[in-house]
Amino acid sequence: MKKAAGYFLVQLFFFFENIALSFLLNIRYSRNWSVFKSSVDSEVGGMTFLQQISLQKKLLIMMVFLYIPLPVIGWIWYEKTYNVIERNAIDSSVQMVNQVNTHLETYFTEVQRTMLPMLASNLTAAFLNNQSDDPLERFELSHRIETELFAKVVLNRSDIYGISLISDRIKATSSSSFMMAEERYKSYLSRLKASGKFSIMGLEASPSNEVVSMAMKFSPPQSHMKQGMLIVDMKRDQMVSIIHGVQFGRTGFVWVADSANQVIYHPDNGSKLQTVPAEYLKQMGTKQSGAFTVKSKQGKKLIVFIRSDRTDLTLISEVLLSELNKSIVTISRISIVVLILLFLLSMLAASGVVYSITKSLLTLLRLMKSAEMGDFSVKAPHAGSQEIGSLFRGFNKMVEEIKRLIEIVHVSELREKELEVRQKESLLHAMQAQINPHFLYNTLEFINSNAILEGNDKISNMIVSLGDMFRYNVQNPNGSVFLADELRHIEAYLSIQAERYPSFSFDIVVDRRLAASVPAVRSTLQPIVENCFKHGYEKHMARPEAVHIEGRISSELENCFELVIADAGKGMPLETLEYYNGLFGGDGTDPQREGKQGLSSIGLYNVHLRLRMLFGEPYGLHIAASNEQGTTMLIRLPIHTSKEAHSDHELPNLAG
């Protein structure tokens, strides 16, 4: 049935596809519309009626004819998939119960092998042949059996509760209770069929624990045809642990019954089930294994049973089918996808009905292609049909609206670019405010002259360095500078700081000629070095110790120079480091965020923004590390060719 449904679906798809292609090709390439129309009228009756109704009704009629088979196909599909899933669930449950049964058989076989040496023992034969009624002699023989045979097994096997040996005179010796063994002798003897084979007798209640009894009648070679019985009482916990290792769904379980249909173990402690229900026995019959379903308050239950020939036990598993059929949800989703595909198929079939408007649609497609190529002067013709006319009018309005919006967006972008350029120029000028150089230099020269006359070289050196800094700052703010210029400027700044703080030292390790070919932005290094003092030392009430500046060519980026600035301060919190690197990693279009962190107007973000504005990505700032041992800042700058570099830059010995 499933193959038939699939075959029907494929045939239905190709049928409607052929109709649609036939309509489109005939309408597209027919030179005589009346000839085509007459041929269609002769082949398909009733088309004149369809031409007189609206497109919406045409589609509705086609949808009705297409949707009739959909529920039938969906129902067949669901039934088949549900049956397959149910069959797979049953097979899986049967395999799991088989595994449990195999483990139980292995366990009982192992216990039986442990008992075999005991059957061939001379003490066992002596006990069975003993015809004396002397209590003392019987006690001594029983004591030897218990200590030499039973005790070894019981001590080595914690799962064995007790072992009992009974003679045909119904005299017993036991590691647990010989009286209980003698009481069970006749009952077990009637149930044992063959000699020399262990059989499980069922659940027995002991004073301290519930045990599963296993018995065998035998005749040792030394006993001169005297027959005895060996009873092994095993703790039920070992069997329970084997059963608990298997999970059936969310609430499924396995329980065990003996050959007399008495329940040995059931996971529901509150259950009053003592024997296998009659309904189960009726379904099981004489079969060795199988599966069936029963109704319960929770829903439909799957019952799987296996009768073991080796142990005479019956394993029964119970699980709700609803728990095993969760995969039906996946099948339902597949069915939804199939329904969507069928819906698309119906749309394709409905396109054959609207053949009369395909010429107009092709015209509209051509116009849309022209509009897509940027020609917004196209106009759709007026059509008499209500639907096509509305479509053409909507197209014309759309083209006009797009044209108007493009003009608005273009003007807005030009204004936005103009405002952005002005804003950046204002930012650069605001950061490079000029000071009246004439008055400043005369004043500094006067102070320097007095310092020399007084013999104060320290003040003189500071004045010279300060003058170099001011002279650099008041130069043309829009003029180009190179890294060599910035290094000279920052060396003057660090020299002043070295005079202020006797504990402070600095060193600058940069290739001088290479620095002359690396373009930079004016006042790039000073804000970063100032942060070393302000946030690395002064903020933590620490004396400035050192600033190290080192330059290198990047090994990761082409034509990129990396300048490393490191201090020995206390560093910054991890949150602050991540915030800065997140700010540096963006496009630099959110300057308001830095204000929330309390940055100054010439802070790190502004330096990064200026570098990014002039050089673009990936140039700018990045905090490589910051901890209790200090902060390491990385500046990436482009490298120009030798023709573009300053040939006259000569750096002095950059050491502090």
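Just so you know, all these numbers are worked out from the coordinates, no wet-lab data involved. Note that the structure is a prediction, hence the values are computed from the model and not measured. Here Cβ is always computed from backbone atoms with ideal geometry, including for glycine, and neighbour counts include all displayed protein chains.
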Counting only DSSP beta bridges fully inside segment 480-638, the antiparallel percentage to nearest 5 is 80 percent
In whole angstrom, the spacing between the Cα centers of segment 515-562 and segment 487-503 equals 14 Å
Ranked output for segments 137-143, 158-164, 606-612 by mean other Cβ atoms within 10 Å, highest leading, reads 606-612, 158-164, 137-143
Too long for a 28 Å Cα-Cα cut-off, among Lys369/Lys417; Lys193/Lys295; Lys197/Lys226, are Lys369/Lys417; Lys193/Lys295
